[in-house]
Amino acid sequence: MPLEITYHGHSTFLLDDGTHQLLLDPFHDDNPACETPADRIECTHVLVSHGHEDHMSDAASIAIRCDATVFATHEITTYLGEQGVQRLEPGNTGGCIQAPFGSVAFTPALHSSSFQGRYMGDPLGAVITMGGHVTYFAGDTALFSDMKLIRELYEPDIAILPIGDRFTMGVRQATIAAEWIAPKLAIPCHYDTWDPIRADSDAFAPAGIRTRAMSPGETIDPDA
């Protein structure tokens, strides 16, 4: 089965290779852009990029119910272990973790990270090898010049980039990021969830790169 990508609004995605399902930044029940409640999500693995409520508020409940393995910083996995999550894969910037579906390599992100007032380690991006694709999930980040190294080191063919501005890159910076990374497909996220992060996804048009603004609940084959 080819890789399928489902968007659940904001920055929440599900990557499915037909055998494994990797849920990125679970934010369902309090997400006004999400149409799928947390108790209807099925996954084998979870990845949390950083410790803000709009990226990990449903991580513990989903991981416990699905007996899923969570990839995140040491601080986040420690917290989730305290909540009862059993399968944990802590990592940090620059490290790579082998997984049944491929691998997860953590990259820098320029942002912050805390959950309910507790420090959750550095914010991260991730390069995910899965389903015959290399996907760069930037997490919440500003533009930074070392994104050029992500292209050099990993050669991702899919990039998922925030465009909402205020808390992350805006459209202009995300366009530059996509051109530096040079994937075949760029997918915008982290926009239009609330008024302060409204953005024009049509203006996200990096030169020579196919873009796809997904609707919440939509599933795509990135090769189609």
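Where a number appears in this text, it was derived from the coordinates with a stated rule and is not lab data. Because the structure is a prediction, the values reported are computed rather than measured. For neighbour counting, all protein chains shown are included, and Cβ atoms are generated from backbone atoms with ideal geometry for every residue, glycine included.
Give me the residue from the range 132-149 that is under 15 Å from LEU185 (Cα atoms) and within 16 Å of the chain's Cα centre (by Cα) and, out of that set, surrounded by the fewest Cβ atoms within 10 Å (Cβ to Cβ). First the steps, then the outcome.
In the first step, residues of the range 132-149 are kept if they are under 15 Å from LEU185 (Cα atoms); the result is 132-138.
Then keep just the ones that are within 16 Å of the chain's Cα centre (by Cα); that gives 133-138.
Working: HIS133: 21, VAL134: 19, THR135: 27, TYR136: 27, PHE137: 27, ALA138: 31.
The qualifying residue surrounded by the fewest Cβ atoms within 10 Å (Cβ to Cβ) is VAL134.
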Among strands (runs of 3 or more DSSP E) completely within the range 114-201, the ones holding 2 or more residues that are aromatic (Phe, Trp, Tyr) are 133-137
Failed criterion for CYS66 (all others in (1) buried (at least 16 other Cβ atoms within 10 Å of the Cβ); (2) within 23 Å of GLU4 (Cβ to Cβ); (3) in contact with a strand residue (DSSP E or B) (Cβ under 7 Å, 6 or more places away or on another chain) hold): (3)
Is it true that SER11 is without any contact (Cβ under 8 Å) to a residue 24 or more places away in the chain and touching a helix residue (DSSP H, G or I) at 6+ places or on another chain (Cβ under 8 Å)? no
Could you give me the residue pairs with C-beta distances under 9 Å whose first residue belongs to the range 80-105 and is within 25 Å of THR19 (Cα to Cα), whose second residue is among the acidic types (Asp, Glu) wherever it lies, and which are 6+ apart or on separate chains? GLN86/ASP67; ARG87/ASP67; PRO90/GLU75; ILE97/GLU89; ALA99/GLU89; PHE101/ASP17; GLY102/ASP17; VAL104/GLU89
Could you figure out which of (1) in contact with a helix residue (DSSP H, G or I) (Cβ under 6 Å, 6 or more places away or on another chain); (2) more than 29 Å from ASP221 (Cα to Cα); (3) surrounded by 24 or more Cβ atoms within 10 Å (Cβ to Cβ) isn't true of ILE76? (1)
